[in-house]
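Nothing in this text is a laboratory measurement; each read-out follows from the coordinates by a stated rule. In this text the structure is predicted, and so the values were computed from the model without any measurement. Glycine also receives a Cβ, built like all others from the backbone with ideal geometry; neighbour counts cover every protein chain displayed.
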Amino acid sequence: MSPDPSTVLTLQGVSVVKDGRTILHPLDLTLAERRIGIIGRNGSGKSTLARLFNGIETPSTGTVRLGDRSERRALRRAVGFVFQNPDNQIVYPIVEEDLAFGLKNLKLPADEIRTRIDAVLDRFGLADLRARLTHQLSGGEKQMIALAGVLVMRPATVVLDEPATLLDLWNRNRLMQLITGLEEQVIMVSHDLEMLAGFDRVLLVEAGRIAADGPPAAVIARYRAGAAC
């Protein structure tokens, strides 16, 4: 099924320069596939690229568009972002309060807020965490709640920046099962190449440029070959 043109991310002539140093060289991208991975060495610019998608990072040149819209507010509304460390994302002491935070900013009715929270907790089998103190959650539980906090906003796209880095193998596998089952478009930065093997497309970022772009097997093979040199 072809993607809705209004939810396709497009980067046109986008670059990022900080303190006179080029983090990302000018690039053009259209991100329409359902599952897109981003790989590269530390410092390559891959996380900066990911943060452009929902307006966390502002381009120095060029435009990031969602369909025909380039407003930062439109990006934030339609593109959710899950950080590597969920402690950077969870702000309220009770799980239910944290999930309600963004919904209250939308000024939704209380019944709608409860309905959305019920739905996302049931979807992930996390209903038993509803009244838990967030600081008492395990690392895996925190990452699931961080993802739930994004999905409760009903974005078209979910961007994840190294979501499995702090997880043990069991929670890593559980997270991957949840990601695999998402209806939303997923764009994921990861050093865990196995997590990206079943994706539709992978981008390899090297020194602020897209060095390879295509099917996972070919792009991952190129990355591994470079790492072996």
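Brief remarks follow.
- Using the Cβ-Cβ distance between Asp213 and Asp87 with R0 = 41 Å, the FRET efficiency computed as 1/(1 + (r/R0)^6) comes to roughly 0.80.
- Within the range 33-63: backbone nitrogen closer than 17 Å to the Thr22 label point (7 Å, Cα to C-beta): 44-46, 48-49, 59-63
- Between Gln177 and Asp200, residue separation times 0.36 nm minus the direct Cα-Cα distance comes to 6.7 nm.
- Built amide H within the under 5 Å cut-off of Ile94, gap 5+: Thr134
- Positive dipole terminus of the range 55-119, leading residue within Val82, Val64, Pro109 (C-beta point charges): Val64
- Full extension of the chain between Thr165 and Asp68 yields a length gain of 31.5 nm, computed as 0.36 nm times the residue separation minus the alpha carbon distance.
- Shape class for the range 7-105: prolate, because the ratio a/c of the largest to smallest gyration tensor axis (alpha-carbon atoms, square roots of eigenvalues) is 1.5 or more and a/b beats b/c.
- Ordering of 144-150, 186-192 by packing is 144-150, 186-192, highest average first (other Cβ atoms within 10 Å, averaged per residue).
- Rounded to the nearest 10 degrees, the inclination of helix 139-151 to the longest alpha-carbon principal axis of the chain is 90 degrees.
- Binning all Cα-Cα separations of the chain at 10 Å, short to long from zero, yields these whole-percent fractions: 8, 32, 36, 20, 5, 0.
- Pairs of lysine residues in the chain that meet both criteria, 8 or more places apart or on different chains and Cα atoms under 28 Å apart, total 4.
- Here, the range 114-229 yields an orientationally averaged convex hull projection of 8.5 nm² when only Cα atoms define the hull.
- Each label was represented as a point 7 Å from its Cα along the Cα-to-Cβ direction; for Asp128 and Asn42 these points are 3.6 nm apart.
- Of every Cα-Cα pair in the range 31-79, the percent that sits beyond 18 Å: 34
- Potential lengthening between Gln12 and Thr61 on full extension [0.36 nm per residue; Cα-Cα distance subtracted]: 16.7 nm
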